[in-house]
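These notes concern the structure reproduced below.
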Amino acid sequence: MKLLIDIGHPAHVHLYRHFIREMKKRGHEFIVTVKDFLSAKQLLGKYAIPFRDIGGKSDSLAGKAARQFNYNRRLLRQVKDNSIDVGMGTSITVAHVSKMTAMKSVVFDDDDDAVEPIFSYLAHPFVDYLLSPDVLAGKRRKKRAVFYAGYHELAYLHPKRFTPDPSVLYEVGLTPGDKFFILRFNAFKAHHDAGILGISLDDKRRLVNGLAKKGRVLITMERELEPEFEPFRLNISPEKAHSLMYYSTMLVGDSQTMTSEAAVLGTPAMKCNSFAGRLTVPNELEIKYQLCFAFSPSNVGRMFVKIDELLAQEDLKAIWAERRDRMLKDKIDVTSFMVWFVENLPESAEIMRRDPDFHYQFK
């Protein structure tokens with residue numbers, strides 16, 4: 001089988017990297033395309049995944065629309081020249097090109113339709129197989145979506161796929177047992193981020209000053225970092241970030257992905273942005289499993305109260321480890337499911353539609 005994976009965000013590298021490795025072992029061939037996102041290309045290089053650049057990204061909606069035409073054209077050429085059987089990604093481009101060729105599209109999407117109207121409108125109608133976490137069942141407008149018991153993050157952070165490396169602590173000047181906090185601040189430049197607010201500069205200062213009294217503060221920023229925070233900048237190879245997150249006392253920020261990553265790793269996570277309470281997957285992690293907490297910018301004061309409340313608990317990490325175990329008992333190894341689903345198309349899609357619980361064998 002010849003497969004293509006289109007990468008549009010660094011998190012997609014993690015989502016698909018174990019799948020790529022497993023499928024290559026089985027003799028399948030791959031082409032990986034990537035938009036001009038430096039951190040995504042760096043990660044692909046770190047994992048020794050060859051890739052083909054299909055063009056730069058844009059921050060404006062008008063720019064994104066213009067570039068989308070070029071993405072489609074370049075991906076179409078890759079598909080035709082290489083006789084691709086299945087294209088994958090969280091990608092409008094893969095969906096569109098699948099309707100111009102014999103390639104079948106498998107698109108993974110873990111966001112609610114209501115908060116990503118452009119993607120759901122421009123991608124979902126053209127997708128052959130739309131795969132989503134089962135907590136979204138009944139909330140997708142696409143009737144033939146396939147649901148599985150998991151999260152994107154469990155494709156690479158499930159215990160079968162991830163073992164934390166304690167040596168990362170020494171690399172940043174820490175030792176096991178040290179209290180430290182990772183702060184992640186987002187840029188909010190994606191198409192679905194229009195009008196979205198995160199943590200204000202004043203509240204970033206309050207976070208840094210308050211947490212620095214309790215332990216080491218390490219800041220990671222999606223783009224530029226304010227000069228006053230430079231002493232706290234986290235300088236670490238990106239593929240080591242999850243190990244550091246696993247050992248951290250807490251993650252605080254306004255990032256969607258890193259909040260969910262921390263949660264499935266069993267690290268207390270606090271998120272403050274305008275998406276608070278509006279996303280089904282993070283809501284499940286918060287309400288059902290109590291692994292993370294979300295606050296709107298207008299209620300940021302409640303976040304500071306919650307941080308103090310949690311840090312007053314001496315057994316905080318042990319509590320979160322128990323909550324993580326409870327979550328993992330309900331979920332599957334997403335990579336194993338992905339391998340089975342793609343390798344056995346179209347029969348696998350029919351099996352899932354006849355027996356939606358079939359995927360529980362991939363625990």
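Ordered by the number of other Cβ atoms lying within 10 Å of each residue's own Cβ, fewest first, 121, 156 fall into the sequence 121, 156. Sorting 1, 88, 250, 327 from the fewest to the most surrounding beta carbons within 10 angstrom yields 1, 327, 250, 88.
Using a/c under 1.5 as the rounded threshold, could you call region 283-363 rounded, prolate or oblate? The axes a ≥ b ≥ c are square roots of the C-alpha gyration tensor eigenvalues, and prolate needs a/b larger than b/c, oblate otherwise.
Prolate.
Taking the helices alone, the chain has a mean residue ellipticity at 222 nm of -12000 deg cm²/dmol, built from -39,500 (n - 2.57) per DSSP H run of at least 4 residues and averaged over all its residues.
Taking 25 Å as R0, compute the FRET efficiency from the Cβ-Cβ separation of residue 115 and residue 347 and round it to 0.05. Intermediate values should be presented prior to the final figure.
Values: r = 33 Å, r/R0 = 1.32.
Efficiency for this residue pair is about 0.15.
Of the residues 297, 268, 346, the one that moves most in a GNM of the chain with alpha-carbon contacts below 10 Å is 346. For region 196-276, rounded, prolate or oblate, judged on the Cα gyration tensor with a ≥ b ≥ c (square roots of eigenvalues), a/c < 1.5 rounded, else prolate if a/b > b/c? Rounded is the answer for region 196-276, as its axis ratio a/c remains below 1.5. Report, in listed order, any pair from 80/104; 41/142; 24/143; 306/329; 139/317 with a Cα-Cα distance greater than 23 Å. Exceeds cut-off: 41/142; 24/143; 306/329; 139/317. Other residues with beta-carbon under 12 Å from the beta-carbon of residue 181 carry, at +1 per Lys or Arg and -1 per Asp or Glu, a net charge of +4.
With r as the distance between the Cβ atoms of residue 314 and residue 29 and R0 = 41 Å, compute the FRET efficiency 1/(1 + (r/R0)^6) and round to 0.05.
0.20
D for the chain, whole µm²/s, Stokes-Einstein with Kirkwood Rh over alpha-carbon pairs at 10 °C and 1.306 mPa s: what number? Stokes-Einstein gives a translational diffusion coefficient of 75 µm²/s. Decide, for region 1-132, between rounded, prolate and oblate: order the square roots of the alpha carbon gyration tensor eigenvalues as a ≥ b ≥ c, take rounded if a/c falls under 1.5, and otherwise choose prolate if a/b is larger than b/c, else oblate. Here region 1-132 falls in the rounded category. When each of the peptides 135-144, 271-280, 108-117 is scored by how many other beta carbons lie within 10 Å of its residues on average, the order from highest to lowest is 271-280, 108-117, 135-144.
Which whole number of Å³ per residue matches the convex hull of the alpha-carbon atoms in region 167-330?
122 Å³
For 320, 340, the sequence from fewest to most other C-beta atoms within 10 Å is 340, 320. Spin-label model, residue 81 to residue 46: label points 7 Å out along the Cα-to-beta-carbon direction sit 2.9 nm apart. Return the whole-Å distance between the Cα centroid of region 268-312 and the Cα centroid of region 64-138. Measuring centre to centre over Cα atoms gives 31 Å.
The numbers here are math on the coordinates, done by the rules we state, and not lab data. The structure displayed is predicted, hence computed values, not measured ones. Cβ sites come from the backbone with ideal geometry, for glycine too, and all protein chains shown count toward neighbours.
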